[in-house]
Amino acid sequence: MKYRDFPAANRKVSTLGMGCMRMPTTNEEGHPIDRPESIRLIRHLIDGGVTYIDTAYPYHNGESEGLVGEALKDGYRERVTLATKLPVWLVEKHEDMEQFLDTQLKRLDVDYVDVYLAHGLNGKRFDTIRELGLFDFMDEMVKKGKIRYPGFSFHDEFDVFKRIVDSYDWKVAQVQMNLLDEFHQATMEGVRYAANKGIRIVVMEPVRGGSLVKTVPNEIRELYESAVPGRSAAEWAFRWLCNHPQVATVLSGLTSVEQVKDNLRIFDTVEPDCMSKEELELIDKVRDAYNSRIKAGCTGCAYCMPCPMGVDIPGSFSAWNNASLYGGLEKGNADYKRLEEAGKAPTQCVECGACMQVCPQHLEIPELLKKVTADLK
């Protein structure tokens with residue numbers, strides 16, 4: 001296992017971190033966590049050298065934190081950097097923040113957490129939680145010893161990310177990053193910007209929720225195989241991330257011992273600048289190949305919403321693009337059916353043109369919506 005500084009030179013974390021959002025579940029109603037198997041996986045990872053464990057208040061319908069606390073008994077807590085998150089969307093007043101943290105500490109059965117992140121910040125959520133005194137809360141919790149390193153997790157665009165980074169003395173930022181998102185959301189430029197200010201970067205969605213590894217289109221599989229025969233799509237994705245020295249740890253959501261063993265093998269070999277010039281050029285070709293499969297150049301900005309007829313325009317394009325990107329026509333059909341059931345399908349469109357007047361990408365939205373229906377219905 002390789003390790004990197006976090007958040008200061010006298011502390012290290014494993015480059016592989018355990019994300020506890022997708023733990024093994026049972027077949028019982030509601031799919032509760034399979035506690036024995038999940039505890040076994042977490043401890044197997046820690047025994048294999050993993051020192052970063054990430055959970056959050058809502059994961060697994062509120063079960064994740066309690067499960068993690070149970071897994072960290074018997075001396076395992078002392079071996080890891082433990083992170084959880086403040087559910088900012090549930091905070092109504094300043095006092096709520098410490099109450100949530102105390103609930104989480106009780107669930108985890110710990111006196112403190114190492115990393116406490118304002119969860120899922122975008123521009124609107126940040127402005128709201130800042131007005132409620134987020135920074136004073138973080139400072140006070142550090143003084144009380146309930147948290148060590150304040151941070152935030154993020155889902156928005158670069159300019160918002162930069163604004164949040166500049167607003168406070170953050171120690172950690174958790175961002176969505178993978179080989180397709182280099183220029184999306186926080187962007188790799190944003191990662192470098194934050195890292196240059198001393199903020200340690202934790203990566204989530206390294207394989208886009210599994211989409212980059214579950215169904216790899218044939219032309220992309222052939223590109224990988226032509227460069228390094230036998231190297232999996234997962235290893236390419238992880239190596240590309242770890243090639244960047246700004247990345248401290250990469251969260252992987254693991255659900256089986258086989259995945260754990262494979263991840264431990266991969267992260268035993270990855271270091272900054274571990275990829276050759278030729279390999280990086282290969283990643284550019286892979287990204288181009290994926291991008292060529294995009295059907296609609298929708299960025300999800302939602303300026304077109306609400307649609308007067310109730311069409312979920314970004315959702316429709318997302319289902320269409322994902323089906324093409326990852327070869328998941330079956331899932332695309334299922335996504336389309338959900339849109340129909342919710343009364344938000346593209347067939348609701350009456351071609352009023354209101355969406356086209358505000359679309360920053362100048363998309364021919366009504367015509368594209370017809371194509372969504374033709375491909376997915």
For this session: Please report the relative contact order for the stretch 53-132, taking Cα pairs under 8 Å with a sequence separation of at least 6, and give it as a percent rounded to a whole number.
Result: 36 percent
Exercise. Length gain on complete extension for the stretch residue 289 to residue 139, per 0.36 nm per residue less the alpha carbon to alpha carbon distance?
Worked result: 49.4 nm
Exercise. If you take the square roots of the eigenvalues of the alpha-carbon gyration tensor of the stretch 286-373 and sort them as a ≥ b ≥ c, do you get rounded (a/c under 1.5), prolate (a/b over b/c) or oblate?
Worked result: oblate
Seminar exercise, completed: Counting only protein heavy atoms and leaving out ligands, DNA and RNA, the solvent-accessible surface of residue 214 at a 1.4 Å probe, in Å² to the nearest 10, equals 150 Å²
Exercise. Any idea what angle helix 365-376 forms with the longest principal axis of the chain, computed on alpha-carbon atoms, 0 to 90 degrees, nearest 10?
Worked result: 80 degrees
Exercise. Using modelled amide H (1.01 Å from N, peptide plane; none on Pro or chain starts), what sits under 5 Å from the amide H of residue 17, excluding residues fewer than 5 places away?
Worked result: 250, 251, 252
Seminar exercise, completed: Rounded to the nearest Å, the spacing of the alpha-carbon centers of the stretch 227-265 and the stretch 306-366 is 33 Å
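Can you pull the Kirkwood radius for the chain, inverse mean 1/r over Cα pairs, to one decimal in Å? Write down the numbers at each step before the final one.
Working: mean 1/r = 0.0453 Å⁻¹.
Mean inverse Cα-Cα distance, inverted, gives 22.1 Å.
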Problem set entry | Under Karplus coefficients 6.51, -1.76 and 1.60, residue-wise ³J(HN,Hα) of the stretch 223-233 in Hz, glycine/proline x | 4, 4, 5, 5, 8, 9, x, x, 6, 6, 4
Exercise. Taking θ as phi - 60°, what are the ³J(HN,Hα) couplings along the stretch 331-348 by the Karplus curve (6.51, -1.76, 1.60), each to the nearest whole Hz, with x for Gly and Pro?
Worked result: 5, x, 4, 5, 4, 5, 4, 5, 4, 4, 4, 8, x, 10, 6, x, 5, 6
For this session: For 107, 265, write out the residues from largest to smallest accessible area, computed with a 1.4 angstrom probe and no ligands counted.
Result: 265, 107
Problem set entry | Nearest 10 degrees, 0 to 90: helix 313-326 Cα axis against the chain principal axis | 80 degrees
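Per residue, what accessible area does the chain have, given a 1.4 Å probe and all protein chains present, in Å²? Please report the intermediate quantities before stating the final value.
Working: 17180 Å² over 377 residues.
Normalised by residue count, the accessible surface of the chain is 46 Å².
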For this session: Return the sequence-ordered ³J(HN,Hα) values of the stretch 128-140 in whole Hz as given by the Karplus equation 6.51 cos²θ - 1.76 cosθ + 1.60 applied to θ = phi - 60°, using x for Gly and Pro.
Result: 5, 6, 5, 4, 7, x, 4, 5, 4, 4, 4, 4, 5
Problem set entry | Where no second cysteine Cβ lies under 4.7 Å, the cysteines concerned in the chain | 20, 242, 274, 298, 301, 307, 349, 352, 359
Seminar exercise, completed: Reduced to Cα centres, the span from the stretch 163-202 to the stretch 70-145 in Å works out to 20 Å
Seminar exercise, completed: Taking Cα atoms only, helix 277-292 is inclined relative to the longest principal axis of the chain by an angle, in degrees rounded to 10, of 50 degrees
Problem set entry | Under 13 Å, Cβ to Cβ, from residue 242 - net charge with Lys/Arg +1 and Asp/Glu -1 | -2
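When the accessible area of the stretch 198-278 is split by element with a 1.4 Å probe, what percent falls to carbon and sulfur?
Values: 1620 of 3380 Å².
Carbon and sulfur: 48 percent of the exposed surface of the stretch 198-278.
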Problem set entry | 19 Å cut-off, amide nitrogen to a point 7 angstrom out along residue 26 Cα→Cβ, residues in the stretch 35-53 | 35-42
Exercise. What is the set of long-range amide H partners of residue 34 at a cut-off below 5 Å, with H atoms built 1.01 Å from backbone N?
Worked result: 25, 26
Seminar exercise, completed: Per DSSP, the loop-located trypsin sites (Lys or Arg not before Pro) within the stretch 48-85 having at most 12 other beta carbons within 10 Å are 73
For this session: Could you sort 290-303, 243-256 so that the peptide with the highest average Cβ count within 10 Å comes first and the rest follow in order?
Result: 243-256, 290-303
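The values are calculated or read from the model by the stated rules, or taken from the named source; none is laboratory data. Note that the structure is a prediction, hence the values are computed from the model and not measured. Every residue, glycine as well, gets a Cβ built from its backbone with ideal geometry; the counts of neighbours run over all protein chains shown. Areas reflect the complete protein model, heavy atoms only, side chains present, ligands, DNA and RNA absent. Shrake-Rupley method; radii C 1.70, N 1.55, O 1.52, S 1.80 Å.
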